[in-house]
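Contents: one structure, followed by commentary.
The values are calculated or read from the model by the stated rules, or taken from the named source; none is laboratory data. Every value quoted in this text rests on a predicted model; they were computed, and no experiment measured them. A quick note on method: Cβ atoms are made from the backbone with ideal geometry, for glycine too, and the neighbour counts reach across all protein chains shown.
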Amino acid sequence: MSTNPVNAMFEEFNNVTNAINATSKAFVESVMSTTMINDRPLGDSDAVSPVTLSMEWSRVARLLIMIGLSVIGSIGNVYMISSVMIEDHLNKRGNTFVANVALADLLISGLVIPASAVVILSGLQDSPPVCQFQWFLSILCCLVTVLTMAAVAAENYIRLCLTPECYAKLTVTKITTLLFAIWIISSILVTLQSVYNMGPDYCNKKISKIVPTQALTAGAIVLGPLLITAGLYMRITYQVHVARLNPSFKPPLAFNWDYSLMLANAYSFVMFVVFWAPFAVVLALATVQRLHSAQVFYNLAWLALSKSCFNNLVYCAGNRHFRNAYVNLFHYCCCKTTVTFSRRARDGATRPSGDVRVHIIPGYNMYSYTSPTRSRESGSCPLQGRPRARANGGGGGLGCGGGGGGGGGGGGRDVYEL
């Protein structure tokens, strides 16, 4: 009689364990359910390729579109990352998040889109391996962008609305750790999605019915950060508006610069939503009913990807520091085409070696001077009408001749402007 309660307890424990195992198994099966169960092909799927766009368009037109997007996006994103590095007003630790968004966009404009151009040049209509590579990298960069934009909004809120002591806690080490965490978490999630075939079968032109668990997971990973980002930007705008209503509020110039950058970040966020929302809506509708036009689905997908090619233009138009950096980078990369020589007649004297002036980045007054004769002619005078240029406060001018100068009567020296 004494063992009956014990046996009953063990039986109840076994029943509870079996129930938990059954529930866990059902949960795992629902999460890891593959799209092969309820796959439904898209309508007119033969008329469009996930890699090379619509077959109705000419091959040259598709190639020009891909090349144009790749060139604009790659150059713009490189300029955007470089601006954060060289512009004094942008070279702040918090703007590393902005550069991370540009890096994700650069992967799309520099790898995803050129891959389609290569497939078009090879004469293929489709390439499953290329499509799988593009889909994996696109989803990875999209997720990284979503999480990084939330970090950008949080950093802007701490910088503008909280005390400097709070912002000082956001150290370089913490920012670097967070960036690595964003890339690692995004890579793990996208890898799981690819391995277990969760979500749409993008490359095989099939859409599956989404289960509630997948919808909840996607909402937590994507919609959650987007809502947090929107809420933070609205909060910042409201608090700054209220503060400016106070007549005694006189912010420093740096505050206005930070607020202008915050607005540019907000415009970039709105642009992301505008470009990706149509594709997300069509994808959600395709999971509950059959989509009759595959061209609409894939054209909207490429519209979403093209955001990575134009996001840098938003910062150029919305922030003057980015705009100034773009202009200086353009002059450095594209306008170093003239080489001018300044010569002066000499009376048979041996020609001394000359100064060479190299403009590293003209807009930032970065110069490098090399003069083998500077140590011997530190007291010479500049030519008439030529401005005197110095390097590190040195005494030697760039173009000094013999007439009217100090002793020595050395001939004029060549000046090379690159």
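Residues that are touching a strand residue (DSSP E or B) at 6+ places or on another chain (Cβ under 7 Å) and of a type in the set (Phe, Trp, Tyr) within segment 191-206 are absent altogether. When LEU53 is tested against (1) within 26 Å of TYR267 (Cα to Cα); (2) surrounded by 18 or more Cβ atoms within 10 Å (Cβ to Cβ); (3) over 16 Å from the mean Cα position of the chain (by Cα), just one condition goes unmet, and that condition is (1).
Filtering segment 211-269 to residues that are assigned to a helix (DSSP H, G or I) and of a type in the set (D, E, K, R) leaves ARG235, ARG244, ASP258. So, of the residues in segment 304-338 that are in a loop (DSSP other than H, G, I, E, B) and among the hydroxyl-bearing types (Ser, Thr, Tyr), which turns out to be nearest to PRO50 (Cα to Cα)? So, considering only residues that are in a loop (DSSP other than H, G, I, E, B) and among the hydroxyl-bearing types (Ser, Thr, Tyr), the one nearest to PRO50 (Cα to Cα) is THR337. The set of residues from segment 199-217 being hydrophobic (A, V, I, L, M, F, W, C) and either modelled with pLDDT of 75 or more or in contact with a Leu (Cβ under 6 Å, 6 or more places away or on another chain) (or both) comprises CYS203, LEU216. In segment 122-155, which residues are under 15 Å from the mean Cα position of the chain (by Cα) and among the β-branched types (Val, Ile, Thr)? Once the filter is applied, which keeps residues that are under 15 Å from the mean Cα position of the chain (by Cα) and among the β-branched types (Val, Ile, Thr), segment 122-155 yields ILE139, VAL144, THR145, VAL146, THR148, VAL152.
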